[in-house]
Amino acid sequence: MPIYEFLCKICGKQFEVLVSIGGEKDVSCKNCGNGDIEKLVSSFGIGGGSSKLKSASNGCSTCSATSCDTCK
């Protein structure tokens with residue numbers, strides 16, 4: 001089961017939930033209980049084993065670019 005990040009549109013709380021595929025419709029805010037939530041795009045590590053997490057907004061550790069898409 002994947003972990004999804006959500007944002008409550010009412011109280012503004014961001015939270016993570018372990019959800020079965022297709023089960024997102026049953027999720028409600030952990031803070032206020034409201035079901036008016038938005039699923040967020042999560043950043044994640046790419047690579048094997050003990051790879052470093054890379055954030056698309058920070059670039060990688062080998063260059064000063066702001067996106068790894070610009071590295072060749």
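The values are calculated or read from the model by the stated rules, or taken from the named source; none is laboratory data. Small disclaimer: the values here were computed from a predicted structure and weren't measured. Heads up, the Cβs are rebuilt from the backbone with ideal geometry, glycines too, and the neighbour counts pull from every protein chain shown.
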Under 9 Å between Cβ atoms, at least 6 apart or on separate chains: pull out the pairs that start in the range 1-14 with a residue that is among the small types (Gly, Ala, Ser) and end on any residue that is assigned to a loop (DSSP other than H, G, I, E, B) and surrounded by 13 or more Cβ atoms within 10 Å (Cβ to Cβ). GLY12/ASN31
Which residues, counting only those in the range 17-34, are closer than 10 Å to PRO2 by Cα and either at pLDDT below 90 or of a type in the set (Asp, Glu) (or both)? VAL19, SER20, ILE21
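Limited to the range 3-29, what total is found for residues that are of a type in the set (Val, Ile, Thr) and assigned to a strand (DSSP E or B)? Even if it seems obvious, please write down each step before you answer.
First pass over the range 3-29, keeping only residues of a type in the set (Val, Ile, Thr): 3, 10, 17, 19, 21, 27.
Now drop any that are not assigned to a strand (DSSP E or B), which leaves 3, 17.
Of the residues in the range 3-29, 2 are of a type in the set (Val, Ile, Thr) and assigned to a strand (DSSP E or B).
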Scan the range 30-41 and report the pairs whose first residue is assigned to a loop (DSSP other than H, G, I, E, B) and whose second residue is polar (S, T, N, Q), with Cβ atoms within less than 7 Å and a gap of 6+ or a chain change. ASN34/SER28; GLY35/SER28
